[in-house]
Amino acid sequence: MKKRKLHLESSKIAYFIFVGIALVELVASIASVAFATSSDVRDAGISNIFLSILAIILFSVPWLIESRYKVDIPNLLEILVLSFVFASIVLGNIHKFLVNVEGYDKFLHTVSGITISIIAFEVVHLFNISKTAETRMEPLLVGLFAFTFSMTLLVLWEFYEFSIDTIAYQINAETARNMQRYQWVNISAFFPQDYGLLDTMLDLIVGAIGATIVSIIGWKILVRKAKRKIKEDSHGN
């Protein structure tokens with residue numbers, strides 16, 4: 001009971017810490033807009049205001065799901081999701097780690113493939129425990145679902161990046177967003193096309209690698225559990 005309470009408190013502590021940081025970022029962004037000395041500072045502040053609000057909303061999603069649908073999200077999974085949102089939005093976008101820290105973008109896409117696959121496994125687990133043995137998904141199908149679910153969201157994210165870059169360019173070509181890194185020069189010797197395509201494909205590849213690792217490990221764990229259950233049932237009879 002104490003261990004369960006400790007896990008529960010750890011997820012709550014992580015939630016309040018991340019939301020508190022996002023609120024500080026929100027206040028700082030509002031102040032930067034109010035006291036901006038240039039249009040660039042003002043535009044960055046406005047962007048960070050929306051990003052801070054988005055982070056607070058996403059931080060609250062696990063709690064809202066638990067409250068609305070009466071499900072118990074594992075605390076380690078909840079902390080993993082909160083940490084990923086923080087690393088992606090607060091560090092990656094607000095503090096520009098995605099631009100200023102080499103390899104950070106690919107690190108996030110790898111982690112996103114892992115995180116989304118874990119979430120998919122948990123969704124199927126919640127489905128399986130509510131069904132009879134005859135209607136539960138087989139381990140192989142669970143692994144395939146986790147992989148395809150993760151890849152679908154990764155592709156949708158690339159759609160989002162492409163759309164934002166395109167819309168921003170149409171609004172103002174001089175201050176266009178560069179989410180797909182299409183403005184960067186490709187200095188790679190092994191890839192002949194523009195860097196934007198290289199960035200997009202590498203994002204999908206590293207995400208797929210992360211999703212594949214989780215899917216295979218999860219599949220093997222489920223197979224091992226199924227064999228153990230069969231052995232226990234045979235001994236019980």
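A few notes on this one:
- Cβ-based net charge around Gly207, under 10 Å, with every Lys or Arg adding one and every Asp or Glu removing one: -1
- Exceedance of the 31 Å cut-off in Cα-Cα distance is limited, within the set Lys106/Lys227; Lys12/Lys229; Lys12/Lys106; Lys70/Lys220; Lys70/Lys225; Lys106/Lys231, to Lys106/Lys227; Lys12/Lys229; Lys106/Lys231.
- Principal-axis tilt of helix 139-171 within the chain, Cα atoms, nearest 10 degrees: 10 degrees
- Each residue of region 16-28 was assigned a 3J(HN,Hα) from its phi angle through the Karplus expression (A = 6.51, B = -1.76, C = 1.60, θ = phi - 60°), giving 5, 5, 5, 5, x, 5, 5, 5, 4, 4, 5, 4, 5 Hz with x at Gly and Pro.
- Efficiency of FRET between Ala226 and Ala189 - r from beta-carbon atoms, R0 45 angstrom, step 0.05: 0.40
- Difference of contour (0.36 nm per residue) and Cα-Cα distance, Lys70 to Ile129: 19.8 nm
- At most 12 other Cβ within 10 Å, DSSP loop - trypsin sites (Lys or Arg not before Pro), region 101-202: Lys131
A short reminder: the numbers here are calculations on the coordinates, not readings from a lab. Quick caveat: nothing in here was measured; it's all calculated off a predicted structure. Methodologically, a virtual Cβ is constructed for each residue, glycine included, from the backbone with ideal geometry; neighbour enumeration extends over all protein chains shown.
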